[in-house]
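Asker: The structure under discussion is supplied below as structure tokens; questions concerning it will follow.
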Amino acid sequence: MDNDKPLQPETEDEIEIQPVRQSSDKMLYCEAEPPPTVEKVKPARENSETDLEIEDDEKFFTTGQKELYLEACKLVGVVPVSYFIRNMKESYVNLNHHGLGPRGTKAIAIALVSNMAVTKLELEDNCIMEEGVLSLVEMLQENYCLQEMNISNNHLGLEGARIISDFFERNSSSIWSLELSGNDFKEDSAALLCQALSTNYRIKKLDLSHNQFSDVGGKHLGQMLAINVGLTSLDLSWNNFHTRGAVALCNGLRLDLSMNGFGNEVALALGEVLRLNSCLVYLDIGGNDIGNEGASKISKGLESNESLRVLKLFLNPINMDGAILLILAIKRNPKSRMEELDISNVLVSEQFMKTLDGVYAVHPQLDVVFKAVQGLSAKKTIFLLTNPMKLIQSYADQHKITIVDFFKSLNPTGTMKMSVDEFQKVMIEQNKVPLNQYQVREVIKKLDEKTGMVNFSFLNTMKP
């Protein structure tokens, strides 16, 4: 190795160079070729510029994490990122928008080969391209500590998709969350990624939003989802899906299909999916040009669906008529597990609110998010929206009791827990602090354990 000093960062006082630590059992080294006693199989792309080895014509060396990164920067000819040096021992490292490029990414990858601290890495918008992603997958062959990685908006294209797919098809890394949004992926890329995910079940969360998949890509994704038993969250928003393949996407996930321009025709297919599907728990189809006709088709599926918990329909041209169809469908389904219906751009009437009261009586766990109540007087609006916890706290203060004592007094058993249904009933019937249905629901949200029970002990850690 030559005697030149390692390339220093812009401000020398920002980095304290530690003495090189020698260790017989855990050596951090970079090598031009394997030591005589170790048989090392190099990656297939042995001659690539992204090979994660620091060449040394005279000897192999051991070094600390900082020194390893500085040496890597010197090798590839880039200025070290001081933020990375300061945070390379943290579990979360955010290098978004740092302008790393392929060479800067290679230096980061070299430093991470033996890093056991970083578990989440953000590299969005760094123009890493295919050379940079090759460095990252070579690093992942050795690093089993990194679990979450964001490489969105990096111009990866078809070749980048091929590198990622080849790696995940052959290797079992520790990555379970991967963000690949905005990487110019088209139909061929979808085919490659789906081939890898058909055999890799370690990926639980995948973001493929803001790409250029259309119906052919949807078909590939649907076939993959029929096989993959590991994926639980897939973001496909801001692509170009239409009718073909849309139904196949809706099996067993939290699914984000917002901003795809489906229209009412696909809403018919989604209604059929909801009628037959027993796995889908979260569906976001906001901003898809679905009107009242589409809402009617979806409501048919809601009448029998027993798995869906969240349905987001915001930014669709649905009015109050379509909204009524949706909530009545939920009311007619005694086995519905719906917890949230988002129609937050819909202006409703007082008659809608009365209908909604009847739905809440059957499904107290449901929360319907709408824009506002049309024509409601200012006085009545204040009554509906007054913070119920403040009203209860005021009553407790006047009677020199705690707020917990107030709630325990409503429970026949005098304990800190009771069922949501029973709690809702006693809160409506009690006359100590008169509350409307909506205020009672706000109280339930604060106390709900998500197990069908409310827990008054939560009040000890919250503000009214």
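The values are calculated or read from the model by the stated rules, or taken from the named source; none is laboratory data. Just so you know, these numbers come straight off a predicted model, no measurement behind them. Reconstructed Cβ throughout: ideal geometry from the backbone, glycine too, with neighbour counts over all protein chains shown. Calculation scope for accessible area: heavy atoms of the full protein, side chains included, ligands and nucleic acids excluded. Shrake-Rupley method; radii C 1.70, N 1.55, O 1.52, S 1.80 Å.
Asker: Taking 0.36 nm per residue of sequence separation and subtracting the Cα-Cα distance, how much length would be gained by fully extending the chain between ASN387 and GLN430, in nm to one decimal?
Answerer: 13.7 nm is the gain from fully extending ASN387 to GLN430.
Asker: Okay, next question. In square angstrom, rounded to the nearest 10, how much accessible surface does ASP321 have for a 1.4 Å probe?
Answerer: Approximately 100 Å² for this residue.
Asker: How much solvent-accessible surface does LYS219 expose, in Å² to the nearest 10, with a 1.4 Å probe and all protein chains in place?
Answerer: We get 120 Å² for LYS219.
Asker: As a test question: what accessible area, to the nearest 10 Å², does ARG275 have when a 1.4 Å probe is rolled over all protein chains in place?
Answerer: Rounded to the nearest 10, the figure is 120 Å².
Asker: For a test of the definition: using alpha carbon positions, the gyration tensor, and the 1.5 limit on a/c, classify the range 102-173 as rounded, prolate or oblate.
Answerer: Oblate is the answer for the range 102-173, as a/c is 1.5 or above yet b/c matches or exceeds a/b.
Asker: Between TYR438 and THR232, what FRET efficiency comes out of the Förster formula 1/(1 + (r/R0)^6) with R0 = 51 Å and r the beta carbon distance, rounded to 0.05?
Answerer: 0.95
Asker: Protein chains only, probe 1.4 Å: how do CYS127, CYS194 rank by accessible area, largest first?
Answerer: The ranking, largest first, comes out as CYS127, CYS194.
Asker: Between beta-carbons, use under 11 Å as the cut-off and find the net charge around ILE128, counting Lys and Arg +1, Asp and Glu -1.
Answerer: Result for the local shell: -2.
Asker: Sort all Cα-Cα distances of the range 145-245 into consecutive 10 angstrom bins from zero, then give the percent of pairs in each bin up to the one containing the longest distance.
Answerer: 17, 55, 26, 1, 0
Asker: Let me ask something else about it. Would you rank ASP448, ASP421 by solvent-accessible area, highest first, keeping every protein chain in place and using a 1.4 Å probe?
Answerer: ASP421, ASP448
Asker: Using r as the Cβ-Cβ distance of ASN455 and ASN96, and R0 as 60 Å, what FRET efficiency do you calculate, to the nearest 0.05?
Answerer: Efficiency, from the Cβ-Cβ distance: 0.95.
Asker: Same structure again: Extension gain ASN411-ASP321, at 0.36 nm per residue separation less the Cα-Cα distance, in nm?
Answerer: So the extension gain works out to 28.5 nm.
Asker: To the nearest 0.05, how large is the calculated FRET efficiency for LYS120 and VAL281 if R₀ is 35 Å and r is the Cβ-Cβ distance?
Answerer: Result of the calculation: an efficiency of 0.90.
Asker: When the solvent-accessible surface of protein heavy atoms is calculated with a 1.4 angstrom probe, in what order do ARG103, ARG162 fall, highest first?
Answerer: Heavy-atom accessible area, descending, gives ARG103, ARG162.
Asker: Between ALA372 and SER172, 0.36 nm times their residue separation minus their Cα-Cα distance comes to what?
Answerer: Contour length minus Cα-Cα distance gives 67.0 nm.
Asker: How much net charge surrounds PHE168 when only the other residues with a Cβ under 12 Å from the Cβ of PHE168 are counted, with Lys and Arg +1 and Asp and Glu -1?
Answerer: Neighbourhood net charge equals +1.
Asker: Would you work out the charge dipole size for the range 123-204 about its Cα centre, treating the Cβ of every Lys and Arg as +1 and the Cβ of every Asp and Glu as -1, and quote it to the nearest 20 debye?
Answerer: Magnitude of the dipole: close to 360 debye.
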